[in-house]
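A short worksheet on the structure shown next.
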């Protein structure tokens, strides 16, 4: 796959690709990170890449253009109404096409970006790709006001990608004739590497030196299992205290959504004795030393695509506990490179955390197998090569 660009003229010649996404850094979340990863990879392979994304600033309908590591980013001021934002987004793509002459449009997320991508692409006579990422087919498709646009995008795109086998199955269920293929997320295992915990960082975060550390990385919200993680941690801490063992600490790395902030606030008020810590959202490059602190990485998602945090933690040789939802089972094999539990089951999470905290050798073994899985199957090079091959197919004469 890596030689595609050297052997096929339709890809070896520079192309002009426009990515439409609902989020892009500094926006939080895996969608933003994944869009940037693809954009940067395409630029490194000699293509011109524009990213068009709605944003809270500038003013509604206005566009702010920047160049970020070779990627040309257009941030469109969002309107109060979604349909107004989408109309401006469509107009923006039409205007940019006159200026930039795109060869292909790729919508990263089916809900808004996917619909606008396919509509604009068919209007302009350009090939289109749309990518299912998680929430679009897990939840939003059940919203009657938005399901039609998702179905239309699936049905009329020239190609559909899905970040997991589960999402691909959902896409085919909704649109049996859609040309769907799986392209997993990738993580750079040369950047996310194993390493010892930094005692100075523990001190700065006020983490007890001898206490086991349970970690969650990502945007803390109900969908990600926040209301499962917190009561499970309370039980783990109570059991450790009763047994006279070191009481674990819990570290959340990432922002807490405003809609879910009360869950965190009330839990802290109800459990003032628990060691609860939160680090606000960080750039991906700043996460490595925090992964090194963790004894166990817990991702108790109720719904998910293929979380970047899962692959990052696995690349860092962390022992992972996650749920059997979305694309997580694509990466985690129970008792081989992590532990899988059913979603929504507090007791199952308590048992899994307790097992791993009591078995450091097992944690280390699971972590080593997890890193090997990432190296073999979930690299950015593989992710990029599959997208390039898809583009090659669509752009071939």
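Taken together, the values in this text are just the output of simple stated rules run on the coordinates, not laboratory data. Remember, predicted model here, so these are calculated numbers, not experimental data. All Cβ positions, glycine included, derive from the backbone under ideal geometry; neighbour counts span all protein chains shown.
Data overview
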| item | result |
| --- | --- |
| Å³ per residue enclosed by the Cα convex hull of the range 63-190 | 130 Å³ |
| Compactness of the range 272-343 - radius of gyration and Dmax, Cα, Å | 12.8, 38 |
| Sorted by Cβ density within 10 Å, fewest first, the residues 62, 283 | 283, 62 |
| Theoretical gain in end-to-end length, residue 62 to residue 148 [0.36 nm per residue, Cα-Cα removed] | 28.2 nm |
| Computed FRET value (nearest 0.05) for residue 259 with residue 173, which takes r as the C-beta separation and R₀ as 35 Å | 0.75 |
| Relative exposure of 396, 365, judged by other C-beta atoms within 10 Å (fewest first) | 396, 365 |
| Rounded Å value of the spacing that divides the Cα centres of the range 264-311 and the range 341-360 | 16 Å |
| Overall form of the range 300-397 per C-alpha gyration tensor (a/c, 1.5; a/b vs b/c) | oblate |
| C-alpha long axis of helix 226-243 to longest principal axis of the chain, angle in ° | 20 degrees |
| Ellipticity estimate at 222 nm from DSSP helix runs (n ≥ 4, -39,500 (n - 2.57)) divided over the chain, nearest 500 | -13500 deg cm²/dmol |
| Tilt relative to the chain, helix 360-377 - C-alpha long axis, 0 to 90 degrees, to 10 | 10 degrees |
| Most to least packed among 63-69, 356-362 [average Cβ atoms within 10 Å] | 356-362, 63-69 |
| Relative exposure of 81, 44, 170, judged by other C-beta atoms within 10 Å (fewest first) | 81, 44, 170 |
| Prolate/oblate/rounded label for the range 199-247 (Cα gyration tensor, a/c 1.5) | oblate |
| Rounded tilt (10° steps) of 144-156 against the dominant C-alpha axis of the chain | 60 degrees |
| Inter-centroid distance (Cα atoms) of the range 14-66 relative to the range 161-232, Å | 22 Å |
| Rounded if a/c under 1.5, otherwise prolate or oblate - the range 199-377, Cα gyration tensor axes | rounded |
| Distribution of pairwise C-alpha distances over the chain, 10 Å bins, in % | 5, 23, 31, 23, 13, 4, 0, 0 |
